[in-house]
Amino acid sequence: MKKTLLTLTLFFAVIFVWGQQTPVTTANYDLAARFSPKKVSKLVFSTSVSPNWFKNSDKFWYTWQTPQGTFYYVVDPSTGRKTPLFDNATMAAQLTEIVKDPFDAQNIPIRRMKLVDDKIFTFEIQSTVQVDEKDEKTGKTKKVKKVHGFEYDYTNGKLTEVQDYKSPKPYPRWGNVSPDKKYVVFSRDFNLWYMDMENFEKARINDEDSTIVEHQLTFDGTPEFGFGSGNSDFYATEKEKNKRTSAWVYWSPDSKKFAMVRSNNSKVKDLWVIDVLAEPRPKLERYKYHMPGEKEAPSRHLYVFDMESKEAKEIKADAFKDQELSIEMKPFKKKDMSDDIRHMVWEGDNNNFYVTRTSRDLKKIDFCVAQLGADSLKALVQERLNTYVETRTVHFAGDNFIWWSERSGWAHLYLYDKSGKLLNPVTSGEYHVEEVTAVDPVQKVIYFTANAKEAGENPYYTHQYRVNFDGSNLRLLNPGNYNHAAATSDNGKYFVNNYSRVDTAPKASLVDNNGKKILDLEETDLSQLFSIGYKFPETFTVKAGDGVTDLYGVMYKPFDFDSTKLYPIIEYVYPGPQTEAVNASWTKSMDRVDRLAQLGFIVVTVGNRGGHPSRSKWYHNYGYGNLRDYGLEDKKVVVEKLAAKHKFIDIHKVGIHGHSGGGFMSTAAMLVYPDFFKVAVSSAGNHENNIYNRWWSEKHHGVLEQISEKGDTTFKYSIDRNSQVAKNLKGRLMLVTGDIDNNVHPGNTLRMVNALIRANKRFDMLMLPGQRHSFGNMTEYFFWRMADYFSEHLIGDYQNHVEIPQMNNN
């Protein structure tokens with residue numbers, strides 16, 4: 001009997017142990033190191049096709065890189081044929097004979113490939129041979145590697161070396177060239193200047209050429225109220241202050257006039273960062289920075305310049321206090337993208353252009369016409385909303401224009417005539433129109449992308465559609481349960497359809513404007529990635545904290561995942577509201593998700609109410625007025641539901657990480673739910689939104705416009721900040737910032753630090769010297785410090801003996 005009882009006891013003990021998950025106790029640094037950005041870039045190459053459209057036909061060419069080399073193709077949609085631009089082996093042999101450097105089919109260092117006149121491709125090859133070259137600025141001779149120029153006629157396969165070739169320098173980006181190429185306008189020391197193309201060509205070769213002739217247009221520009229830009233740095237030399245810079249002017253189609261918005265920043269207060277790494281001594285950087293609620297706002301002024309008289313006129317545009325003005329620009333033709341001359345042409349004709357006018361609280365937007373014969377703007381469309389109004393590019397077609405609006409609670413298109421009369425809604429229903437990709441004014445067809453229209457799909461998956469101006473014949477053009485990105489030709493007849501999910505390899509196909517697939521173009525080669533252990537992540541759907549709203553997420557597991565183990569879970573977060581940290585397509589950017597998981601974590605990304613704008617306006621604006629806490633409940637609920645479903649998730653070891661808005665959110669999660677979230681790494685967080693920039697904070701949280709009995713308008717702003725709940729911290733928190741972050745000022749992090757110290761809380765901090773918002777060349781260092789922190793406090797394995805790779809050598 002005793003033997004039987006002993007046997008049963010051992011049996012149930014074995015069953016009990018077998019049924020338990022074994023906690024992860026060792027962080028897998030080797031596996032995480034295997035998938036660094038630099039290493040992945042040598043395993044996976046092209047992930048999408050970017051068409052370069054011919055100017056006079058529907059053909060296009062593109063480049064595609066694989067582990068076998070780089071290949072060039074020409075595609076003719078009319079015949080459905082994809083043809084190699086050349087045979088790589090033949091081209092390598094020809095180039096070897098001419099350049100005298102050895103090349104092979106996999107290694108042809110072509111650069112600056114460009115199509116000229118739809119027939120001749122030009123490109124360069126840099127040799128290993130060094131030659132003497134005169135520096136146009138200094139006049140001194142220096143040794144450089146010789147560059148050979150070539151012309152290749154793809155119609156007959158003839159390769160010709162260009163004799164006495166000199167690599168052409170790009171046109172300076174400060175030049176804004178008129179459509180007829182008669183004038184080039186630029187800014188210097190906050191005033192407008194101009195030159196002709198002959199002198200612009202001189203500047204292209206040597207922008208310090210003393211023979212360049214230029215003319216001053218304005219004389220009263222200042223750093224606070226400038227015509228264009230300049231250098232207001234206290235430490236700037238006279239040479240630096242006299243440097244030419246860009247001028248954001250918009251030309252009339254006939255090149256006789258241009259318009260611009262001039263900004264008066266004289267009342268806007270200064271902000272500073274100190275570059276401690278500047279030589280020979282630390283340097284103070286000063287810049288204008290308008291914070292939420294501040295009355296010292298910039299003012300915008302609308303000017304039109306006449307290039308014949310060289311005179312300017314201000315157009316009265318005031319309607320709202322502290323309003324914003326933006327001039328509508330005619331969309332660039334994709335066929336002209338290879339032209340490195342910068343043209344900015346206003347939308348409209350020679351006598352009229354269009355301006356968007358926005359109130360400071362963003363609850364009011366007017367789409368206006370500026371008539372050159374008038375002194376003020378005329379509103380054509382007025383949008384009003386109790387949260388905030390958003391817009392998209394306005395597209396004109398003959399006497400009509402296509403307007404994007406969320407007035408129905410969903411983003412849709414509306415057809416107006418040029419007088420501002422609404423002709424008809426073009427689209428409607430519970431889906432989100434993202435953007436117009438092309439318009440056919442003859443056939444009266446609009447091509448556009450949209451989300452959330454296809455039943456049973458992730459609403460973040462984008463598709464391309466077509467619809468008639470009157471709203472009829474709405475048609476899906478690229479079906480398939482993937483996220484699609486359409487690169488559409490100017491006339492809308494064809495588009496390259498790049499598509500994938502997080503769990504599929506990216507593919508590309510060519511589709512016509514009726515939705516017919518003409519041919520498959522490419523599929524990304526992931527074979528090398530899989531050969532070292534890569535596995536796709538998994539998608540999931542859960543209900544939000546309200547039990548009603550669907551949230552869509554992605555789960556990243558260690559590639560050596562063992563279902564019998566118990567893993568800590570980390571949420572990678574970005575609260576929005578302008579986006580979410582959830583990938584819809586496959587990407588080789590893995591640092592914060594796939595790669596982090598390899599240490600021994602389950603990493604998840606998921607949306608939250610108040611997040612991504614590609615859903616309903618209700619979903620997008622859910623957090624309006626509650627910018628600190630609105631997304632936190634959903635982040636907590638998602639982990640609880642995933643842990644209840646998957647026994648390999650340790651609900652007692654929850655980490656959270658985010659950058660910028662995600663840095664703000666991850667710290668807030670630790671303070672609002674201190675018993676749930678145990679560890680956070682919060683980088684570049686805008687913890688104090690009262691000192692973050694006005695445009696993001698006031699837009700997404702809201703600002704109250706108050707009008708006194710005397711008619712004076714003021715703006716009141718109040719927001720919950722992370723520092724106010726610093727006393728709640730219980731877990732482990734690491735705060736990280738770059739010391740010259742001029743986007744989210746380091747003061748956001750330091751005020752959080754101050755609050756934690758005064759609350760007698762232990763925490764960790766890392767300041768990255770010489771780094772701005774994205775951490776630049778210290779991103780790899782940051783990754784390993786984050787890896788250390790989560791590994792130590794969630795796994796209990798701090799491998800500080802693992803060498804951190806050198807910066808720029810990861």
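Ranked by the mean number of other Cβ atoms within 10 Å per residue, highest first, peptides 567-580, 421-434, 756-769 order as 567-580, 421-434, 756-769. Its Cα centre serving as origin, the range 367-499 has a Cβ charge dipole (Lys and Arg +1, Asp and Glu -1) of approximately 200 debye.
Sorting Thr218, Thr128 on solvent-accessible area from highest to lowest, probe radius 1.4 Å, gives Thr128, Thr218.
Straight-line cross-link reach from Lys39 at under 18 Å between alpha-carbon atoms covers these aspartates and glutamates, not counting any fewer than eight positions away in the same chain: Asp30, Asp525, Asp591, Asp594, Glu780, Glu803. A straight line joining the Cα centroids of the range 274-351 and the range 175-203 runs 17 Å.
Taking the C-alpha atoms only, the angle from helix 747-758 to the longest principal axis of the chain is near 30 degrees. With respect to the chain, whose longest principal axis is taken over its alpha-carbon atoms, helix 88-99 is tilted by about 60°.
Put a dot 7 Å past the Cα of Ile757, heading toward its Cβ, do the same for Lys565, and the two dots end up 4.0 nm apart.
Relative to the longest principal axis of the Cα atoms of the chain, the long axis of helix 2-19 makes an angle of roughly 10 degrees. The label-point distance for Glu314 and Asp196, in a model that sets each label 7 Å from Cα toward Cβ, rounds to 3.4 nm. Working from label points 7 Å from Cα in the Cα-to-Cβ sense, the Arg173 to Arg342 distance is 0.7 nm.
If you place +1 on the Cβ of every Lys and Arg and -1 on the Cβ of every Asp and Glu, how big does the dipole about the Cα centre of the chain come out, in debye to the nearest 20?
Numbers: 106 positive and 103 negative charges, 341 e Å.
Around 1640 debye, computed over the chain.
Counting only other residues whose beta carbon sits under 11 Å from that of Ile649, what net charge do I get with K and R as +1, D and E as -1? Write down the numbers at each step before the final one.
On the way: positive: Lys557, Lys565, Lys641, Lys645, Lys647, Lys653; negative: Glu640, Asp650.
Computed value for this residue: +4.
The residue among Val185, Pro168, Thr141 whose Cα reaches farthest toward the positive pole of the charge dipole of the range 43-193, with charges on the beta-carbon of Lys, Arg, Asp and Glu, is Val185.
Considering only Thr358, Thr128, Tyr574, and ranking their Cα positions along the charge dipole of the chain that arises from unit charges at the beta-carbon of Lys, Arg, Asp and Glu, the one farthest toward the positive end is Tyr574. Which one of Asn491, Asn689, Pro109 is farthest out on the positive end of the charge dipole of the chain, using unit charges on Cβ (Lys, Arg +1; Asp, Glu -1) and the Cα centre as origin? Going by the charge dipole, the pick is Asn689. When the Cα convex hull of the chain is projected onto planes of every orientation, the mean area is 43.0 nm². Only lysines eight or more places from Lys647 in sequence, or on another chain, were considered; those with a Cα closer than 27 Å are Lys535, Lys543, Lys557, Lys565, Lys635, Lys636, Lys678, Lys730.
Using alpha carbon centroids, what distance separates the range 620-634 and the range 517-589, in Å? Cα centroid of the range 620-634 versus Cα centroid of the range 517-589: 23 Å apart.
Counting only residues at least eight positions apart within a chain, or on another chain, the lysines with an alpha carbon under 19 Å from that of Lys516 are Lys59, Lys82, Lys493, Lys507. Taking a ≥ b ≥ c as the square roots of the eigenvalues of the alpha carbon gyration tensor, the range 116-265 is oblate, as a/c is not under 1.5 and a/b does not beat b/c.
Note on His612: accessible area is roughly 40 Å² with a 1.4 Å probe, heavy atoms of protein only. Per residue, the range 135-210 exposes 56 Å² of accessible surface when a 1.4 Å probe is rolled over the protein heavy atoms with every protein chain present. Ranked by the mean number of other Cβ atoms within 10 Å of their residues, highest first, the peptides 698-706, 784-792 come out as 784-792, 698-706.
In debye, nearest 20, what is the charge dipole magnitude of the range 656-810 about its Cα centre with +1 on Lys and Arg Cβ and -1 on Asp and Glu Cβ, if you could check? The partial results should precede the final answer.
Details: 15 positive and 15 negative charges, 88 e Å.
Roughly 420 debye for the range 656-810.
Sequence-distant contacts, meaning Cα pairs under 8 Å at least 6 residues apart, place the relative contact order of the chain at 10 percent. With an a/c value of 1.5 or above and a/b not larger than b/c for the gyration tensor axes a ≥ b ≥ c computed over the alpha-carbon atoms, the range 502-636 is described as oblate.
Highest mean packing first, where packing is the average number of other Cβ atoms within 10 Å per residue, the peptides 738-748, 666-676 line up as 666-676, 738-748.
The values are calculated or read from the model by the stated rules, or taken from the named source; none is laboratory data. Not measured: the values here are computed from a predicted model. As a convention, Cβ positions derive from the backbone with ideal geometry for all residues, glycine included, and neighbour counts pool all protein chains shown. Surface accessibility is based on the protein's heavy atoms, side chains included, excluding ligands, DNA and RNA. Shrake-Rupley method; radii C 1.70, N 1.55, O 1.52, S 1.80 Å.
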